[in-house]
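Below is one structure, written out as structure tokens; comments come after it.
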Amino acid sequence: TLAEASTAAIALGITSSDEYQQKRHLDPQLPSSPHQFYKEEWQDFSSFLLPKLYKSLSDVKQAVKVLNIRDSSDYRNKQKLYPALPSHPERKFKNDWVDWYDLCDIPKPYTYDEAVALIKREKLTSKRQYIDHIVQSGDRRLPRTPDQVYEDEWVNWFVYLGRREPYRIKNIRQPYTR
């Protein structure tokens with residue numbers, strides 16, 4: 001049945017139609033073209049590969065991959081379209097929950113100190129060089145918006161890039177302010 005094939009595909013960790021074609025041979029019961037084999041019941045590949053019930057965090061992770069969810073904001077938007085997704089996976093699976101980075105398989109950003117050390121090592125001296133470095137290197141751990149990611153440590157771009165700050169009133173900080 002379609003339900004059995006769906007369960008088998010999910011058990012193999014399949015998250016897309018391309019991956020289905022690559023891995024379907026691992027279960028001889030899976031048809032090569034499920035959309036034709038089950039044409040009476042077939043909806044779409046997303047429905048076929050999504051868990052019907054979310055009993056564990058790994059079920060939610062499966063859905064995140066199938067639906068190509070990129071972050072917590074994207075999750076909230078897709079959860080409205082797929083109400084079976086838990087609205088608060090961090091509460092429902094609190095014992096297994098790590099964070100949104102883990103759920104969405106996003107590389108965690110460097111710590112502020114690690115980022116500053118990398119900037120120094122790469123000799124990046126401007127915001128433009130910094131952004132270009134992110135694009136060219138493909139380093140997903142360097143944030144494009146460090147002022148938001150490191151909001152607790154953030155002072156300004158000059159400090160972040162290890163550059164001398166210009167002498168301006170707005171750049172004077174404690175203990176030199178009243």
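Any idea how many residues of the range 14-26 are without any contact (Cβ under 8 Å) to a residue 24 or more places away in the chain and open to solvent by less than 40 Å² (accessible area, probe 1.4 Å)? Talk me through it step by step, then tell me what you get.
The initial filter retains those residues of the range 14-26 that are without any contact (Cβ under 8 Å) to a residue 24 or more places away in the chain, namely 18-19, 21-26.
Subset that is open to solvent by less than 40 Å² (accessible area, probe 1.4 Å): 19.
Number satisfying all stated conditions: 1.
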*Does the range 145-156 hold any residues that are more than 10 Å from residue 109 (Cα to Cα) and either touching a strand residue (DSSP E or B) at 6+ places or on another chain (Cβ under 9 Å) or in a loop (DSSP other than H, G, I, E, B) (or both), and which are they?*
145, 151, 152, 153, 154, 155, 156
*Considering only the range 45-79, state which residues are within 20 Å of residue 108 (Cα to Cα) and among the polar types (S, T, N, Q).*
58, 62, 68, 72, 73
_Which count do you get for residues in the range 33-72 that are without any contact (Cβ under 8 Å) to a residue 40 or more places away in the chain, under 20 Å from residue 98 (Cα atoms) and open to solvent by 70 Å² or more (accessible area, probe 1.4 Å)?_
4
*Pick from the range 77-106 the residues that are farther than 18 Å from residue 53 by Cα and assigned to a helix (DSSP H, G or I): which of them is farthest from the chain's Cα centre (by Cα)?*
77
*asked:* For the range 78-97, give me the residue count where each residue is farther than 12 Å from residue 64 by Cα, free of Cβ contacts under 8 Å to residues at least 40 places away in the same chain, of a type outside the set (A, V, I, L, M) and open to solvent by 70 Å² or more (accessible area, probe 1.4 Å).
replied: 6
*Would you point out which residue out of 48, 37 is under 21 Å from residue 5 (Cα atoms) and touching a His at 6+ places or on another chain (Cβ under 9 Å)?*
48
*Kindly list, by first and then second residue, each pair from a residue in the range 109-125 that is over 25 Å from residue 99 (Cβ atoms) to a residue that is surrounded by 14 or more Cβ atoms within 10 Å (Cβ to Cβ) and aliphatic (A, V, I, L, M), limited to pairs with Cβ atoms under 9 Å and residues at least 6 apart or on different chains.*
120/161; 124/118; 124/161; 125/119; 125/161
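The values are calculated or read from the model by the stated rules, or taken from the named source; none is laboratory data. Because the structure is predicted, anything quoted here is derived from the model rather than measured. Glycine gets a Cβ as well: all are built from the backbone with ideal geometry, and neighbour counts include every protein chain shown. For accessibility, only protein heavy atoms count, side chains too; no ligands or nucleic acids. Shrake-Rupley method; radii C 1.70, N 1.55, O 1.52, S 1.80 Å.
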